[in-house]
Amino acid sequence: MAGAPARFTVLLTEGAEQDLEAIHDYIAEFDCVANANNVLDALMNVVENLSKFPERGSYPKELVSLGIKEYRQTLFKPYRVIYRVTGRQVIIYLMADGRRDMQSVLTRRLLGA
């Protein structure tokens, strides 16, 4: 029987950390702090799971349409976590509500346009 999967180091960019804070603040303001904390905990669980299985994520369709397959995504609906696997590291670039115009969000954040 195989042992536990090798672990990856997960890093959040400054932008991803700001995304988490903005998501929490928005939910706390327009819903309640308890729900904001629950969503934050769930997103952090998604992040933790990437340390074990980063290749399970799919390619964001908005980037695939541009011929870019270096980024992956995992979901905690409606939120999308966009990341890249580099060696033994998982670098998270973006956490956003998937109902937004993701094409422009991804282009601006990842491609610097």
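The values are calculated or read from the model by the stated rules, or taken from the named source; none is laboratory data. Every value quoted in this text rests on a predicted model; they were computed, and no experiment measured them. Because the Cβ atoms are built from the backbone with ideal geometry, glycine has one as well, and the counts that use them run over all protein chains shown. To get the accessible areas, we keep the full protein, side chains included, count just its heavy atoms, and leave off ligands, DNA and RNA. Shrake-Rupley method; radii C 1.70, N 1.55, O 1.52, S 1.80 Å.
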Subset of region 26-54 (residues that are surrounded by 12 or more Cβ atoms within 10 Å (Cβ to Cβ), outside any loop (DSSP other than H, G, I, E, B) and not hydrophobic (A, V, I, L, M, F, W, C)): Tyr26, Asn35, Asn37, Asn38, Asn49, Pro54
Screening Leu75, Leu94, Leu66 for residues that are assigned to a strand (DSSP E or B) and either on the phi > 0 side of the Ramachandran plot or open to solvent by 70 Å² or more (accessible area, probe 1.4 Å) (or both) leaves only Leu75
Looking for something charged (D, E, K, R), within 15 Å of the chain's Cα centre (by Cα) and farther than 19 Å from Phe8 by Cα - is there at least one such residue anywhere in region 39-48? yes
Can you tell me how many residues in region 73-95 are charged (D, E, K, R), within 13 Å of the chain's Cα centre (by Cα) and over 21 Å from Val39 (Cβ atoms)? 1
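Checking the condition open to solvent by 60 Å² or more (accessible area, probe 1.4 Å), touching a strand residue (DSSP E or B) at 6+ places or on another chain (Cβ under 6 Å) and over 21 Å from Asp41 (Cβ atoms), which residue from Arg100, Arg84 passes?
Working: Arg100 fails: touching a strand residue (DSSP E or B) at 6+ places or on another chain (Cβ under 6 Å).
So the residue among Arg100, Arg84 that is open to solvent by 60 Å² or more (accessible area, probe 1.4 Å), touching a strand residue (DSSP E or B) at 6+ places or on another chain (Cβ under 6 Å) and over 21 Å from Asp41 (Cβ atoms) is Arg84.
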Residue by residue through region 97-113, note down the ones that are assigned to a loop (DSSP other than H, G, I, E, B) and not small (Gly, Ala, Ser). Arg99, Arg100, Asp101
What about Ser65, is it polar (S, T, N, Q), within 24 Å of Leu111 (Cα to Cα) and at pLDDT below 95? yes
